[in-house]
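Trainee: My questions all concern the structure below.
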Amino acid sequence: MPSQPHDSPTALYFGYASEVPNLASVEVKTVHPATLVDSPAVFTVIGESHYVGLPSLEFHELCSCKPLPSEQTHETPLVADAEHEFRFESDHLDAHTTVEGKSLDEFPGPNESSISYRFGPDAWTTIRVEPSGSGYETYHTYPEYDLALYTRTELDPHSKHPEP
């Protein structure tokens, strides 16, 4: 593994909550509104990674290189052979996320993404909303590790009950 600068992160944390997390302390880089599972969504690249919010379905994903105080947090090490799978369930939907570490040369670049931000040479965060609107994919690249951390999140909303 290449040597890393002292301040390089060693893990990526995924925090899930049904309430909007406190975003006052994050540095917003770029924002992209979209639709997921027929509901308004917001995709935000932040200084530490990204945030995805579906307020009407009480789904909030905050991803950061720093530990998170969320209802449910999952830690993924920044290594090329990382594989992780986790779920978030709420009253309104179920989310299933898979994480896969890939080599940096497997990063497809920002052209196909819905939102992207370049932090430095070969250091990107990208999010692509799936055309079906049923989920999204992210890449977080770490050139100091020769790593492209890929995630895919599938959302399954619960059936809406008819009003009486």
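Trainee: Pull out all pairs, ordered by first then second residue, where Cβ-Cβ is under 7 Å, the residues are six or more apart or on different chains, the first lies in the range 153-164 and is of a type in the set (A, V, I, L, M) and in a strand (DSSP E or B), and the second is surrounded by 10 or more Cβ atoms within 10 Å (Cβ to Cβ) and modelled with pLDDT of 50 or more.
Mentor: Final answer for the pair search is Leu155/Leu36; Leu155/Val37; Leu155/Leu93; Leu155/Ala95; Leu155/Ser134; Leu155/Gly135.
Trainee: Please tell me if Pro33 is more than 15 Å from Arg152 (Cα to Cα), surrounded by 13 or more Cβ atoms within 10 Å (Cβ to Cβ) and touching a Pro at 6+ places or on another chain (Cβ under 9 Å).
Mentor: On the way: more than 15 Å from Arg152 (Cα to Cα): yes; surrounded by 13 or more Cβ atoms within 10 Å (Cβ to Cβ): no; touching a Pro at 6+ places or on another chain (Cβ under 9 Å): yes.
Here the answer is no, as Pro33 does not meet what is asked.
Trainee: Only one of these is at pLDDT below 95, out of contact with any Asp or Glu (no Cβ under 6 Å at 6 or more places or on another chain) and β-branched (Val, Ile, Thr): Val26, Val45. Name it.
Mentor: Val26
Trainee: Hey, among Leu78, Leu93, Leu68, Leu23, which residue is touching a helix residue (DSSP H, G or I) at 6+ places or on another chain (Cβ under 7 Å) and farther than 22 Å from Ser134 by Cα?
Mentor: Result: Leu78 is the single residue among Leu78, Leu93, Leu68, Leu23 that is touching a helix residue (DSSP H, G or I) at 6+ places or on another chain (Cβ under 7 Å) and farther than 22 Å from Ser134 by Cα.
Trainee: Separate question: Which one of the conditions (1) crowded, with 20+ Cβ neighbours inside 10 Å; (2) aliphatic (A, V, I, L, M); (3) touching a Gly at 6+ places or on another chain (Cβ under 8 Å); (4) free of Cβ contacts under 8 Å to residues at least 40 places away in the same chain does Leu62 fail to meet, given that it meets all the rest?
Mentor: Unmet condition: (4).
Trainee: What residue, of Thr98, Thr141, is part of a strand (DSSP E or B), touching a helix residue (DSSP H, G or I) at 6+ places or on another chain (Cβ under 8 Å) and not acidic (Asp, Glu)?
Mentor: Thr141
The values are calculated or read from the model by the stated rules, or taken from the named source; none is laboratory data. Just so it is clear, the structure is predicted and the values come from calculations on it, not from any experiment. FYI the Cβ positions are ideal-geometry reconstructions off the backbone, even for glycines, and counts take in every protein chain you see.
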